[in-house]
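Worksheet: one structure, shown below.
Read-outs: derived from the displayed coordinates by stated rules, not from any lab. Here the structure is a predicted model, which is why all the values come from computation and not from measurement. Heads up, the Cβs are rebuilt from the backbone with ideal geometry, glycines too, and the neighbour counts pull from every protein chain shown.
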Amino acid sequence: MTSSPKTGSYALTIAKDCCANVSYNLLFSGMKLILFACFLLIGVQSIVVAQSNQYIRVKAGENPTNSVAFNERYQYPVFTMGQLVYTSNKSSAARFNYNLFLGEMHFINATGDTLALQNDPTIQLVVIGPDSFYYEYPKTYWQLVSSYGSAQLLIKRIMVLIDREKEGGYKQSTGASAIRTTTTYSSPNGSLARLNAHSDMIFSKKVEFKLRDTNGKFHLANQAGFLNIFAKNKQVVKQYLKENSINFNQEADLKKGLAFCATLP
């Protein structure tokens with residue numbers, strides 16, 4: 001039995017519509033897949049970039065003083081005019097910069113040489129542009145973050161040696177499979193040149209915090225430090241720190257705690 005021309009034409013139209021829908025769905029699915037792949041690629045690249053900025057690798061045999069870029073060795077992109085202030089309030093001007101690897105305050109003298117400030121107990125602070133670095137004898141410079149009445153929040157930035165990779169055959173670093181026990185990098189003047197010349201060295205930036213009272217005394221940025229500075233309201237402060245679960249390793253939490261303490265009578 002043959003179908004009428006009208007019925008056949010109707011069936012053909014339905015078939016064309018179905019094919020069109022299938023093609024559209026396939027095209028739409030393909031576009032979604034491509035978009036997903038693009039977003040995934042961007043995400044992976046972002047993660048790689050973020051991770052690469054966290055660490056600095058120094059190849060075996062290289063001296064970090066020479067091989068690491070200037071803006072990774074120093075806090076500021078250039079040596080900047082500042083003031084060295086003594087406890088006697090006398091001061092002297094020079095171009096300063098803070099060395100992140102050595103934890104030292106460097107300056108350029110009249111002949112253009114780069115030198116480190118000596119460990120002098122009469123130094124009070126170094127001012128570089130808008131920033132103030134309070135000196136804690138014998139060798140630590142703490143940058144002022146903010147002030148809260150009778151307390152100041154200070155921060156120290158420094159590069160620490162987190163890993164060394166053993167030397168493999170033919171004096172080549174063997175990579176991550178040969179990571180040694182993590183060690184903390186100490187920074188007496190010139191120590192960078194004395195690190196193991198046959199190992200790749202991996203550095204990471206570390207931050208530490210301290211508190212400073214109105215008498216110029218430094219305190220650890222922990223509960224004891226808070227209670228020492230705000231001894232007048234010791235019980236109130238202790239209760240606040242407990243109830244708010246202050247993390248003493250986080251700048252935001254320290255600011256929050258100090259802001260509260262500054263409101264106390």
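For q values of 0.19 Å⁻¹, compute log₁₀ I(q)/I(0) with the Debye formula on a Cα-only model of region 47-151, without solvent.
Relative scattering, expressed as log10 I(q)/I(0), comes to -1.02.
When N counts the residues of region 194-264, how does its alpha-carbon radius of gyration compare numerically with 2.2 N^0.38 Å, as a ratio?
On the way: Rg = 16.8 Å, N = 71, 2.2 N^0.38 = 11.1 Å.
Ratio of Cα Rg to 2.2 N^0.38 Å: 1.51.
Set the Förster distance to 41 Å, then compute FRET efficiency between THR122 and GLN250 from the Cβ-Cβ distance, nearest 0.05.
0.75
Can you give me the Rg/Rh ratio for region 77-127, using Cα atoms for both radii and the Kirkwood formula for Rh?
Checking Rg against Rh, the ratio lands at 0.95.
By average Cβ neighbour count within 10 Å, what is the ranking of 92-103, 236-247 from highest down? Kindly include the intermediate steps, with their values, before the conclusion.
On the way: 92-103: 19.4, 236-247: 13.7.
Going from most to least packed, we get 92-103, 236-247.
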